[in-house]
Amino acid sequence: MIKYILRRLIQAVPTFLGITILSYMIMWAAPGDPVSLMTFDPTIKQETKERLANALGVNDPLPIQYLRWLIGDEWKVIDEDADGVPDERPADGLTRVRYGILRGDFGDSFYLRQDALELIVQRIPATLELSVTALIVSLTVGLPIGILAAVWRGGWFDQFTRVGAVVGNAVPGFWMGIMLILFFGAILGVLPMGDRGCPTRGECTPLYMRLDHLILPTVVLSLGGIAGYSRYMRASMLEQINSDYIRTARAKGLPNRLVWFKHGAKNALIPIATFLGPTLTGLIGGAVITETIFSWPGMGRLLVSALTRRDYPIVMAGVVVGSILTILGYIISDVLYAVVDPRIRF
Amino acid sequence: MKHFSKLLLVGIVLALLSLTAVSVLAQAGEGGVLVTDNIGDDPATFNPITCNDTVCSLVTGWLYPGIIGLDPATGSPAPMVPGNVAESWAYDDSGTVLTINLRQDLAWNDGTPITSADYMWSITAVKSGLTSSPRTSMFMTLDDGTPAGGNITNIEAPDDYTVVVTFDHPDCSSFNDVNDLPLVPAHVFSELYGTDYASLDADPLAIPTVSFGPFKDIDFSPNERVSLIADPAYPDTVLGYVSPSEWVYKSVPDTTVSVEQFLAGEITYTGIPAERQADVAATEGVKTFEFSQNGFQYMGFNLADPTNPQNGLDEEGNAIDQGHHPIFGDVRVRQAIAHAVDVDAMIQGILDGRGTRINTHTIPTSWTYDPNLEGFALDQEAALALLAEAGWVDDDNDVSTPLVATEDALYAEAGTPLEFTLQTNAGNLARERIGQTIQSQLAEIGIKVNFEAIEFGTLVDILTGQTFDAIIIGWSLGLPVDPDLAWAYGPEGDLVGAGFAFTSYNNPVFNELMEQGKTIPGCDIEARTAIYQEANAILANDLPYLYLYAANVMYAAQEGVENWDPYPNFQQWNIDAWSVND
């Protein structure tokens, strides 16, 4: 197993590099440029814009920009006293020696001027708070629905949840979010319309003291998961229900509850394990929209704003974090499959 | 008895004083928490020297004084404006030396007097060229000799309360540059940064320990809020004390949510977007203030060849042949469009009547506004006549197809259909509706408009790259009003990829008027007004833009906010006097 994991990790390296090259090229080729957006002000003169573009390094050719981002640029500057500051003072304070993402330096945000990875890491707790809650809700609601839909196949519950799953998958999160805010926040006034519910000053209070703030974003974020899990679980459960061992169990006179939940559902869960990894990635991806709508201070909001501002270091840090999570998610899924299904051996 | 009377008098005075003190103490900082919305990003920095966006400007504006304040009632520079340090100023006879005298009664909240050294620290840091501040544009050259494009050659402080600014040449517009930088506590900044000005960018969110303003002590939570508490040491208050206890700048995703949060009472005061102004104004429990926007919306035409964008001038300052746009290169087509677009109906339909039509690059609140300047009247026949004169005709007698160019067309090949692409930024509902309105109204005179709403960054790329046909966007005019428009219509500002004179309009008479307007001796307002009105009349006829409207802006506050007394563009001028009653 360990050999298998190591092999998968080694195989992931070229995948990861491929993702970074493609992402960097797409980002670079996309219209819009960070300096124009940062200086969209008639009082800022052309000379200042040029200084800024040079300082940010966006005037360099694409391969140089990519290499600087990947492996750093101390090979480009003279720093005899090794203090991390080029001996020849750069045009302004935005320039420093970069060490590249391979050495953990993701560069500084063009706009926020702080370490891009640090900005993402700062926001991960809020994102996890929302994503993990949404995952728990997706599983605890979606799986039982799937089991019951399979057990009552063709019945009204099955039909109802089938339509519900289609709607849950089809309704865009941003629209659903706005509708929930308007209905529960603005019209009924029973739930907060956004934010994490922390006090206006000081540390945030524990989660259990502000659960009301979590309800609407969790509903939006978990809707797709509930829809997906219920359909996967239904299909998997139906496969089990039609198996010989279930027929045998029923022939032996075991009560339906035991047959379905103890035997059928247990085995039906095995293929579901393979969805866990990608689900994690999907939740974080979905959080990008949900966090923006609900003023949730996670990394999703940061990434959306970085995209609109062409804040390349943050966008690429987001791509790296997302790629690593995706790659790890798939590896975890495969490993989980082997763990839960004794027939699978690597 | 004599002593007794004196003692009694002293006693009474002391009692009154203590009562007053108790009363002030009872009210200072007890005005409640003021919450407003931030629909933008987080502040990029809390350092006023490197701050370059409205979000950080608002926060640092509570913490650092400006040098010359704007009178909130007029929007013009004025001496002794609370929160600012200029007591008076004067130009010398040459118009190139500006001497500013500072107030001597102000101190930072640690008790250190505010002096010219505090202004000079900001100036020295930015002029070094080592910071990321975009305000280098105020200087002619930086310390290392790099040209920076500005007009200020030197700023010095002969004593603690005098600042002398020297300009390269007389330029009435350069006065505003002096106010680009605030004062910072030099004694603190020197200790923190020394002369390593580049290190100002090392920790942009460093929390200031010493400040001067109604609020202090930033508490920042990314993507959530910025909170400041009242500073009882602030002397420039309206009531003699700072009333609100706290000011919170709360992150909100967009104006839809922000208005709902305001109506639900979660936000104390906010700006209301055009599409919600009518229903918010009619809502009980809120108070509103409406005024004309300090800016306007327009449709900009590309007058040059969009397939081969060129700068207006070469390196020697000679005009470059930029070619002509096949449609908009001819002023008659632009004028025909002005005749065909019903701006008044647009204001009624899009803004519910909450806006003012404009005919040139000036709004009614500007001192250069000419109320007698008339625009093009709505007249489809006149539009068609102008198009026919310009060589565009209906060759198939079918109004559903666009007109085509004849041999008489100035810059279009014969047979070219009268069709162009009109773009704006997606998500701006008013601009999207302007585009749809123009599209349908121009179709009535045989002009086919392909309207697109695209992402803002992409639009900026197309705009500054000068590859567009026509574009709908707007200008915010800033304060104090600067009537110089060379940046928008002069060849110096016509820089592909960077400049804002992206229409490539170049009229020598207009350019000469701009030059006269900013160099007139003594910056005489009356003489300048005449010059700028003449220049604006030229724009109104030449139409590099189709000038549309200045929309109304609405501020709103909860009914319980006392002393809320906004002026146009200065909603929060007396925020230290506000209090919230639940």
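The values are calculated or read from the model by the stated rules, or taken from the named source; none is laboratory data. Keep in mind that what you see is a predicted model, and the values were worked out from it rather than measured. Methodologically, a virtual Cβ is constructed for each residue, glycine included, from the backbone with ideal geometry; neighbour enumeration extends over all protein chains shown. Accessible surface areas use protein heavy atoms only, side chains included; no ligands, DNA or RNA. Shrake-Rupley method; radii C 1.70, N 1.55, O 1.52, S 1.80 Å.
Quick one: which residues, 5 or more positions from B:Ser292 or on another chain, have an amide H under 5 Å from its amide H? H modelled 1.01 Å from N in the peptide plane, none for Pro or chain starts.
B:Val553
By accessible area of protein heavy atoms, probe 1.4 Å, what ranking do B:Ser400, A:Ser23, A:Ser230 get, highest first?
Working: B:Ser400 95, A:Ser23 25, A:Ser230 5 Å².
Listed by decreasing accessible area, they come as B:Ser400, A:Ser23, A:Ser230.
How large is Rg/Rh for region A:1-62, to two decimals, with Cα atoms and a Kirkwood Rh?
Values: Rg = 19.2 Å, Rh = 14.7 Å.
Using Cα coordinates only, the ratio equals 1.31.
Region B:301-429: D in µm²/s via Stokes-Einstein (Kirkwood Rh, Cα pairs, 25 °C, 0.890 mPa s)? Please report the intermediate quantities before stating the final value.
Numbers: Rh = 17.3 Å.
So the translational diffusion coefficient is about 142 µm²/s.
On the full set of protein chains, 1.4 Å probe, figure out the accessible area of A:Arg231 and give it in Å² to the nearest 10.
Result for A:Arg231: roughly 60 Å² accessible.
Pairs B:Lys127/B:Lys216; B:Lys448/B:Lys518; A:Lys49/B:Lys287; B:Lys127/B:Lys250; B:Lys216/B:Lys518; A:Lys49/B:Lys518: which are spaced more than 31 Å apart, C-alpha to C-alpha?
On the way: B:Lys127/B:Lys216 28 Å; B:Lys448/B:Lys518 41 Å; A:Lys49/B:Lys287 42 Å; B:Lys127/B:Lys250 34 Å; B:Lys216/B:Lys518 39 Å; A:Lys49/B:Lys518 24 Å.
The answer is B:Lys448/B:Lys518; A:Lys49/B:Lys287; B:Lys127/B:Lys250; B:Lys216/B:Lys518.
Pull out the extension gain between B:Ala345 and B:Thr153, defined as 0.36 nm times the separation in residues minus the alpha carbon to alpha carbon distance; nm, one decimal. All intermediate terms of the calculation are to be shown ahead of the outcome.
Working: separation 192, 0.36 × 192 = 69.12 nm, distance 4.96 nm.
The span from B:Ala345 to B:Thr153 would gain 64.2 nm if fully extended.
Given a 10 angstrom Cα cut-off, can you work out which residue in A:Gly300, A:Gly173, A:Gly32 is the most mobile in a GNM of chain A?
Checking each option, the largest mean-square fluctuation is seen for A:Gly32.
Using a 7 Å offset from Cα along Cα-Cβ at B:Asp105, what residues in region B:60-81 end up with backbone N under 19 Å from the label point?
Residues B:65-72, B:78-81 fall inside that zone.
Of B:Ile462, B:Thr356, B:Ala278, which is farthest towards the positive pole of the protein assembly as shown's charge dipole, taken about the Cα centre with +1 and -1 on the beta-carbons of Lys, Arg and Asp, Glu respectively?
Going by the Cα projections, it comes out as B:Ala278.
Between B:Thr54 and A:Gln11, what FRET efficiency follows from the Cβ-Cβ distance if R0 is 60 Å, with the result rounded to 0.05?
The calculated FRET efficiency here is 0.80.
Over the Cα atoms of region B:295-552, each weighted equally, I'd like the Debye log10 I(q)/I(0) at q = 0.14, 0.15, 0.16 Å⁻¹, rounded to two decimals.
Each listed q corresponds, in turn, to -0.97, -1.12, -1.28.
Suppose we flag GluC sites (Glu not before Pro) only when DSSP calls them loop and at most 12 other Cβ atoms lie within 10 Å. Which is the longest uninterrupted stretch of chain A? Please report the intermediate quantities before stating the final value.
Values: sites that count: A:Glu80, A:Glu88, A:Glu203.
By the stated rule (loop sites, at most 12 other Cβ atoms within 10 Å), A:204-346.
Given a 1.4 Å probe and every protein chain left where it sits, what share in percent of the accessible area of region A:120-340 is carbon and sulfur? Show your work: numbers first, answer last.
On the way: 7060 of 10030 Å².
Carbon with sulfur: 70 percent of the solvent-accessible area.
Of B:His324, B:His339, which has the most accessible area with a 1.4 Å probe, and how do the rest follow in descending order?
On the way: B:His324 90, B:His339 30 Å².
Ranking B:His324, B:His339 by accessible area, largest first, yields B:His324, B:His339.
Rounding to the nearest 20 debye, state how big the charge dipole of the protein assembly as shown is about its Cα centre with +1 on each Lys and Arg Cβ and -1 on each Asp and Glu Cβ. Walk me through the numbers on the way to the answer.
Values: 51 positive and 110 negative charges, 1336 e Å.
I would put it at about 6420 debye.
Residues with amide H under 5 Å of B:Thr141's amide H, sequence separation 5 or more or different chain, H placed in the peptide plane at 1.01 Å from N; which?
B:Ala148
Given N residues in chain A, what is Rg(Cα) / (2.2 N^0.38 Å)? Before the final figure, lay out the partial values.
Numbers: Rg = 25.0 Å, N = 346, 2.2 N^0.38 = 20.3 Å.
Taking the Cα Rg and dividing by 2.2 N^0.38 Å, one obtains 1.23.
Quick one, what does Rg over Rh come out to for region B:391-520 if you take C-alpha atoms and the Kirkwood Rh?
Values: Rg = 17.8 Å, Rh = 17.0 Å.
Computed over Cα atoms, the ratio is 1.05.
So, with +1 on the Cβ of K and R and -1 on the Cβ of D and E, and no other charges, what is the size of the charge dipole of chain B about its Cα centre, to the nearest 20 debye? Each step should come with its number before you reach the end.
Details: 19 positive and 81 negative charges, 414 e Å.
So the dipole magnitude of chain B works out to roughly 1980 debye.
Projected onto the charge dipole of region B:185-230 (+1 at Lys/Arg Cβ, -1 at Asp/Glu Cβ, origin at the Cα centre), which of B:Ala230, B:Ile218, B:Ala186 gives the Cα projection farthest towards the positive end?
Going by the charge dipole, the pick is B:Ala230.
Can you pull the semi-axes for chain B, root of five times each eigenvalue of the Cα gyration tensor, sorted largest first, whole Å? Walk me through the numbers on the way to the answer.
Working: eigenvalues 472, 174, 92 Å².
Over the Cα atoms of chain B, the ellipsoid semi-axes are 49, 30, 21 Å.
Rank B:Glu87, B:Glu407 by accessible area, highest first, at a 1.4 Å probe radius?
Values: B:Glu87 85, B:Glu407 160 Å².
The ranking, largest first, comes out as B:Glu407, B:Glu87.
Could you give the size of the charge dipole of region B:65-198 about its Cα centre, using +1 on the Cβ of each K and R and -1 on the Cβ of each D and E, expressed in debye and rounded to the nearest 20? Display every interim value, and only then the final one.
Details: 3 positive and 18 negative charges, 55 e Å.
Charge dipole, region B:65-198, about its Cα centre: 260 debye, nearest 20.
Please sort by residue number the chymotrypsin sites (Phe, Trp or Tyr not before Pro) in region A:190-299 whose DSSP state is loop and whose Cβ has at most 13 other Cβ atoms within 10 Å. Could the numbers behind the result be given before it?
Details: sites: A:Tyr208, A:Tyr229, A:Tyr232, A:Tyr245, A:Trp260, A:Phe261, A:Phe275, A:Phe294; in loops: A:Phe294.
Hits after loop and neighbour filter: nothing returned.
When N is the residue count of region A:245-322, what does its C-alpha Rg come to as a fraction of 2.2 N^0.38 Å? Kindly include the intermediate steps, with their values, before the conclusion.
On the way: Rg = 21.8 Å, N = 78, 2.2 N^0.38 = 11.5 Å.
Rounded to two decimals, the normalised Rg is 1.89.
Rank B:Trp564, B:Asn318, B:Ala535 by how far each Cα sits towards the positive end of the charge dipole of chain B (+1 on Lys, Arg Cβ; -1 on Asp, Glu Cβ) and give me just the farthest.
B:Trp564
Helix-only estimate, please: 222 nm mean residue ellipticity of chain B, summing -39500 (n - 2.57) across DSSP H runs of length 4 or more and dividing by its residues, to the nearest 500.
On the way: 15 runs with 160 residues, N = 582.
It comes out at -8000 deg cm²/dmol, rounded to the nearest 500.
What accessible surface, in Å², does a 1.4 Å probe find on B:Glu534, ignoring ligands, DNA and RNA and rounding to the nearest 10?
100
Using the alpha carbons of region A:159-212, what is the convex hull volume per residue in cubic angstrom, as a whole number? Provide the component values of the computation, followed by the final result.
Working: hull volume 6.5 nm³, N = 54.
Looking at region A:159-212, the number lands at 120 Å³ per residue.
Provide the per-residue ³J(HN,Hα) series for region A:224-237, in order, calculated from phi with Karplus coefficients 6.51, -1.76, 1.60 and θ = phi - 60°, each as a whole number of Hz, with x at glycine and proline positions.
x, x, 4, 4, x, 4, 5, 6, 4, 5, 4, 4, 5, 5
Kindly report, to the nearest 10 Å², the accessible surface of B:Glu515 as traced by a 1.4 Å probe over protein heavy atoms only.
90
Which of A:Leu119, A:Leu22, A:Leu238 moves most in a GNM of chain A, Cα contacts under 10 Å?
Most flexible of the set in this elastic network: A:Leu22.
When you have a sec, figure out the Kirkwood radius of region B:465-555 from all distinct Cα pair distances and drop it here in Å to one decimal?
Values: mean 1/r = 0.0690 Å⁻¹.
The answer is 14.5 Å.
Using the C-alpha atoms of the protein assembly as shown, what convex hull volume per residue, in cubic angstrom, is computed? Please report the intermediate quantities before stating the final value.
On the way: hull volume 223.2 nm³, N = 928.
It comes to 241 Å³ per residue, whole-number rounded.
Relative to 2.2 N^0.38 Å, what does the C-alpha radius of gyration of region A:99-186 come to as a ratio? Two decimals please. Spell out each step's value before the answer.
Details: Rg = 20.5 Å, N = 88, 2.2 N^0.38 = 12.1 Å.
The value comes to 1.70.
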